[in-house]
Structure formats: C-alpha cells, structure tokens
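The values are calculated or read from the model by the stated rules, or taken from the named source; none is laboratory data. Remember, predicted model here, so these are calculated numbers, not experimental data. Reconstructed Cβ throughout: ideal geometry from the backbone, glycine too, with neighbour counts over all protein chains shown.
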Amino acid sequence: MTPGVLELRGIEFAYEAGGWALRIAELDLGREGLCAIVGPNGAGKSTLLEVAAGLRRPGRGKVRLEGKGLARMSRRAIARRLGYLPQECPALFDYTVAQVAAMGRHAHGGSLELERAADCAAVERALAAADMTALRRRRLSQLSGGERRRAWVAAALAQEPAILLLDEPTQALDTSQAAAIMGVLAERAAEGLRLVMVLHDLNLAALFCERVILMQAGQIAADGPPDAVLTEERLLAVYGRHLEVIRHPTTEKPVILAKK
C-alpha cells in the first residue's frame, strides 16, 4: 500500500436533519501531492473531508488508511499518519503562536514545552514555512484572522503526517498570502507530503493542484486533472450561469472568471 493513501469504499453518510446524503462509491485520496476538493456551498466538501479523517462515521462503507480500517485505529495512531485542519480552530486558551504550532507534535508524544529536539525542529520548520517565526511569541488574541489561520497551518505542518487534510487552508488570507501558503504546501508535496484540501478559490486549485475533485449535492461530479475538471461546461452545470473559463496567457492553466 502506498504510504498515506486513504481509501473510501461504498460510503453513505446522512445528517439526521435530512437533505442530501454523501454518497461515494469509490475514492482514493493521497496518491497525488496536491489534490483540491471544490464545489458550491453545501456540496459536501467538508463532510467528505471529515469522513475521510475519521471524525464522522458513515452509515455504510469503510475508510482505510494505508490498508488499515480507520474505525479500528486509535486516534493517536491515526494522527501519526493522518493530519486534519478544520475550517474553524477554537482555542480554549490564549496560546502563543509557538504553542499553537507545538500542538501539532501531540500525536508524537510531544508537549507544549517541546522537550525533545525532534519536536523543536519540526515546530521551527513549520513556523518558517507558514511565515510565522517573527510572530512566535504573539498570542492568538493579538493576531489578525489571516495570521491565526497561518498559525494553525503551522500546527498542521508540525504534525508531519504522511497525508494532510485541510479544510480551507487559505481562509481569511489575502491574495498574496493565499498564494504564498499554497506555494509552501506545493513545496511540502514535492518533498513527499500528500495534501488534500477543500478550496473555494477555483483558480488556486487550477494553478497549484494536480487533481481536482468537483462535488455537487453530496456526490462527485468530476474527478481528474484541472484541465479536464475545470471546464466551462462542467462548472456551469454545477455552479450555474455566472462563470466562464479562459486560458492563462503564459501557463495555459484554466482561469475561472465571474461574469454578469
């Protein structure tokens, strides 16, 4: 089994309140360096990520991590191989940025005091990658929304899993910061980390990701390279009549534009 691969088979998950249900017949995550999950609000992107992370148990089907059933693994055993960054990261205490990043070492037995050299090194690498080294002593209450997001991204990177699931890692970041974080994640992917992320920005998905999963009403509408998935025909069918696709003049990547 390829390290970091998540297999979802015959998945069905429904909320008690009713509405649509998540239905995934067969899906492998973690085979590519960077994979984006996109789709309109309410399409099931975050739910898919939570099921894949083992945070929501499906009514039917199985999730396997590197060939092992996720439901039979302890949370710590999962966390050593699988990381997850949610959209919202509430903190019980007003931690410093360095302490937030140190939380990522919990799966490896580390503590906020970082007594082991390996933990210290992992946190320093993560802070540098998220461009948060200079803010390491700042407390969460002293940070902007974008800075807090980057602090939690640092925590996810400090965990050093085989596969990392991120729900909107660029949330609250301006255009420059979002591109910078995506560049950092691309570098980590080149080093071997497998990343699967929910993105609302279709252009970031097109520019950085090798694979795009397009979701609609709890199901996968398309899955493949950005050129094959982010077509005007597919996007109009899923999002409606307010998007058009052109080609970037230098990269030839698809560029998605809003239109009146």
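Just need a number here: residues in the stretch 49-79 that are closer than 18 Å to GLN219 by Cβ, among the aliphatic types (A, V, I, L, M) and more than 16 Å from the chain's Cα centre (by Cα).
Adding up the residues that qualify gives 1.
Just to check your reading of the model, which residue among GLY10, GLY61 is modelled with pLDDT of 95 or more, over 27 Å from GLY240 (Cα atoms) and out of contact with any Asp or Glu (no Cβ under 7 Å at 6 or more places or on another chain)?
GLY10
Restricting attention to the stretch 218-260, which residues are under 26 Å from LEU22 (Cβ atoms), crowded, with 16+ Cβ neighbours inside 10 Å, hydrophobic (A, V, I, L, M, F, W, C) and in contact with an Asp or Glu (Cβ under 9 Å, 6 or more places away or on another chain)?
Hits for the stretch 218-260 are VAL229, LEU235, LEU243, ILE256.
Would you tally the residues in the stretch 207-251 being more than 23 Å from GLY4 (Cα to Cα) and part of a helix (DSSP H, G or I)?
Going through the stretch 207-251 one residue at a time, the tally reaches 12.
If you take the residues of the stretch 1-32 that are farther than 13 Å from ILE163 by Cβ and β-branched (Val, Ile, Thr), which of them is surrounded by the fewest Cβ atoms within 10 Å (Cβ to Cβ)?
ILE11
Kindly check whether there is at least one residue in the stretch 82-92 that is in a loop (DSSP other than H, G, I, E, B), among the aromatic types (Phe, Trp, Tyr) and crowded, with 18+ Cβ neighbours inside 10 Å.
Scanning the stretch 82-92 turns up no residue that is in a loop (DSSP other than H, G, I, E, B), among the aromatic types (Phe, Trp, Tyr) and crowded, with 18+ Cβ neighbours inside 10 Å.
Taking the stretch 17-41 as the region of interest, how many residues are small (Gly, Ala, Ser) and closer than 23 Å to ALA228 by Cα?
Going through the stretch 17-41 one residue at a time, the tally reaches 5.
Just give me the residues in the stretch 208-246 being charged (D, E, K, R) and under 21 Å from ALA178 (Cα atoms), in sequence order.
GLU210, ARG211
Please enumerate the residues belonging to the stretch 182-214 that are out of contact with any strand residue (DSSP E or B) (no Cβ under 8 Å at 6 or more places or on another chain) and crowded, with 22+ Cβ neighbours inside 10 Å.
Within the stretch 182-214, just MET182 meets the criteria.
Quickly run through the stretch 138-154 and pick out the residues that are under 14 Å from ALA128 (Cβ atoms) and either assigned to a loop (DSSP other than H, G, I, E, B) or without any contact (Cβ under 8 Å) to a residue 60 or more places away in the chain (or both).
Residues satisfying the conditions are ARG150, ALA151, ALA154.
For residues that are out of contact with any Ser or Thr (no Cβ under 9 Å at 6 or more places or on another chain) and not in a loop (DSSP other than H, G, I, E, B), tally how many sit in the stretch 112-134.
Summing the residues that are out of contact with any Ser or Thr (no Cβ under 9 Å at 6 or more places or on another chain) and not in a loop (DSSP other than H, G, I, E, B) in the stretch 112-134 gives 12.
Output the number of the condition that MET182 fails; it satisfies all remaining conditions of (1) within 24 Å of ALA53 (Cβ to Cβ); (2) touching a residue at least 40 places away in the same chain (Cβ under 8 Å).
The one condition MET182 does not meet is (2).
Among the residues that make up the stretch 97-116, is at least one of them β-branched (Val, Ile, Thr), crowded, with 19+ Cβ neighbours inside 10 Å, within 30 Å of GLY19 (Cα to Cα) and touching a residue at least 40 places away in the same chain (Cβ under 8 Å)?
no
State the number of residues belonging to the stretch 157-177 that are among the aliphatic types (A, V, I, L, M), crowded, with 20+ Cβ neighbours inside 10 Å and within 14 Å of the chain's Cα centre (by Cα).
Quick first cut of the stretch 157-177, residues among the aliphatic types (A, V, I, L, M) only: 157-158, 162-166, 172-173.
Now narrow it down to the ones that are crowded, with 20+ Cβ neighbours inside 10 Å: 157-158, 163-166, 173.
Keeping just the survivors that are within 14 Å of the chain's Cα centre (by Cα) gives 157, 163-166.
Residues that pass the stated criteria total 5.
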